Amino acid sequence: MAEQIEGAAEAPEPAPLLRLADGLPPVIEDEAALAAYCAAVAAGTGPIAIDAERASGYRYSSRAYLIQVKRTGAGIGLIDPIAFDSLAPLQEAFGDAEWILHAATQDLPCLAEVGLRPAALFDTELAGRLLNYPRVGLATLVETLLGRQMLKEHSAVDWSTRPLPEPWLEYAALDVEVLVELRDLIADQLVEAGKDDWARQEFEYLRGFEPTPRVDAWRRTSGMHKVRGRRSLAAVKLLWEARDSIAAERDVTPGRLIPDSAIVAAASAMPSSRGGLMGTQGFHGRGASRYASTWVDALQRAAQLPEDELPARNAPSDGPPVPRAWAEKDPVAARRLELARASLSAIAEEHDLPTENLLTPDHLRRAMWTPPKTREPVALLEGLIDQLSVLGSRSWQVGLTAPALAQAVLDADAS
């Protein structure tokens, strides 16, 4: 045993902790402090690191409860957006400077809600994906590229808490502490890999991206596969809508009232009274008893719905069916998809990219389910280029993938 210990490789020294270079600034929560910081940002230089904290898991809304900003010459600003009627002075101070975010799709919507929109954008997470880093979390990239360790023990706290505890604020400030430095390193790597133009296209797409509102969001209820029959499906819908309405009014996460599993349990059992509902195995939650009359009303309405008003088992869709059903519905389309996936996998490996970043999977499925009708090679390629472009594929993606998709269409027809 002693020999094994003596001969064992020494564990590498852990990376030193990332610390705030200039200490923790006070939270900006009045007009005078905001004006002073905006003046400093406007006089600062270079890009702007920005991040936002939401109260996911606690609140219904996705609003920002803290906004962190850092710019050379201005330092870090921790801004409480709840304290202000408008953050227009901050947007004006940003001007046309580039924003640096990590995982921009998470923060851009809540920043837009308070009137903050980037003139230019650099997303360090997306850039890491284009460089094919196996893990692209901020802490991992900071440790890998900058040699500093970030602790993430406050990542799931309730940011609507007031006042915010100092350890939480320090955690939040660290999220922007080295974003500029990280951006510069990754930008150099993008240039070296010949992917800088790809990244510019991706960032510009993100900057103008508007998320599509969810249709039939109730169908995303966890455990829906356990529900049998359209009437029970109607019960899921009405219970989900009732829960969502209460959650929106109280500004709490819906699952804190009753979890999805409770909705599925009630919809499967279809009790008709409060006593029956409360005795249903699996029905529980903080709001189970408090809003029992609301839940019972939803179940009774579901029980009384006419057959022609019951929801369909499957959600209506303008897209192709799930790929596992292709072989039965359209064997040639299934073959197209198989060949296209193999080709894209090879292209992604050649360019050191994740396949899902080479081409959005939904765009691939749509193009292979309903490709252009022509089989004249040039016209087919041009049709696929147009089709992918309309779907939103970026030009670098179209250039790399459209020829392979055209060949997949031709080869599937010939096989």
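The values are calculated or read from the model by the stated rules, or taken from the named source; none is laboratory data. As the structure is a prediction and not an experimental result, all values here were calculated from the model. Every residue, glycine among them, receives a Cβ derived from its backbone with ideal geometry; neighbour counts consider all protein chains shown.
Against the definition (of a type outside the set (A, V, I, L, M, F, W, C) and closer than 30 Å to GLY255 by Cβ), how does ASP85 come out, yes or no?
Working: of a type outside the set (A, V, I, L, M, F, W, C): yes; closer than 30 Å to GLY255 by Cβ: no.
In short, no.
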| Does segment 158-193 hold any residues that are among the β-branched types (Val, Ile, Thr) and either part of a loop (DSSP other than H, G, I, E, B) or touching a strand residue (DSSP E or B) at 6+ places or on another chain (Cβ under 9 Å) (or both), and which are they? | THR161, VAL176, VAL178, VAL180, ILE186
| query | Is it fair to say GLY282 is surrounded by 14 or more Cβ atoms within 10 Å (Cβ to Cβ) and on the phi > 0 side of the Ramachandran plot? | reply | yes
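Only one residue in VAL191, VAL178, VAL157 is under 22 Å from the mean Cα position of the chain (by Cα) and either crowded, with 18+ Cβ neighbours inside 10 Å or outside the structural domain of VAL398 (by TED's automatic domain parsing) (or both), so which one is that? Can you show your working first?
Values: VAL191 fails: under 22 Å from the mean Cα position of the chain (by Cα); VAL178 fails: under 22 Å from the mean Cα position of the chain (by Cα).
Of the residues listed, the single one that is under 22 Å from the mean Cα position of the chain (by Cα) and either crowded, with 18+ Cβ neighbours inside 10 Å or outside the structural domain of VAL398 (by TED's automatic domain parsing) (or both) is VAL157.
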| remark: Wholly inside segment 49-143, strands (runs of 3 or more DSSP E) that include 3 or more residues that are β-branched (Val, Ile, Thr) are 64-72
| query | Just to be sure, is GLU241 touching a strand residue (DSSP E or B) at 6+ places or on another chain (Cβ under 7 Å) and either assigned to a helix (DSSP H, G or I) or at pLDDT 95 or above (or both)? | reply | no
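Take the residues of segment 309-328 that are charged (D, E, K, R) and at pLDDT 95 or above: which is farthest from THR280 (Cα to Cα)?
The initial filter retains those residues of segment 309-328 that are charged (D, E, K, R), namely 309, 313, 318, 324, 328.
Narrowing further to those that are at pLDDT 95 or above: 309, 328.
On the way: GLU309: 26, GLU328: 40 Å.
Only one residue fits best here, namely GLU328.
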| Qualifying residues in segment 62-96 (those that are among the charged types (D, E, K, R) and surrounded by fewer than 23 Cβ atoms within 10 Å (Cβ to Cβ)) - the one nearest to ALA35 (Cα to Cα) | GLU92
| query | Just one of ILE67, ILE100, ILE79 is within 17 Å of ARG207 (Cβ to Cβ), touching a strand residue (DSSP E or B) at 6+ places or on another chain (Cβ under 6 Å) and among the β-branched types (Val, Ile, Thr); which is it? | reply | ILE100
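Test ARG200 against the stated conditions and say whether it is modelled with pLDDT of 95 or more, closer than 30 Å to LEU400 by Cβ and touching a Ser or Thr at 6+ places or on another chain (Cβ under 9 Å).
Taking the combined requirement at face value, the residue does not satisfy it.
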| query | Checking VAL236 against (1) exposed (fewer than 15 other Cβ atoms within 10 Å of the Cβ); (2) part of a helix (DSSP H, G or I), which single condition isn't satisfied? | reply | (1)
| Restricting the search to segment 348-369, which residues are touching a Lys or Arg at 6+ places or on another chain (Cβ under 8 Å), crowded, with 20+ Cβ neighbours inside 10 Å and closer than 16 Å to GLY392 by Cβ? | LEU364
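Looking at segment 7-16, is at least one residue part of a loop (DSSP other than H, G, I, E, B), at pLDDT 95 or above and not assigned by TED's automatic domain parsing to the domain that holds GLY255? Talk me through it step by step, then tell me what you get.
From segment 7-16, those part of a loop (DSSP other than H, G, I, E, B) are 8-16; that's our starting set.
Next, only the ones that are at pLDDT 95 or above stay: none.
No, there is no match, as no residue in segment 7-16 is part of a loop (DSSP other than H, G, I, E, B), at pLDDT 95 or above and not assigned by TED's automatic domain parsing to the domain that holds GLY255.
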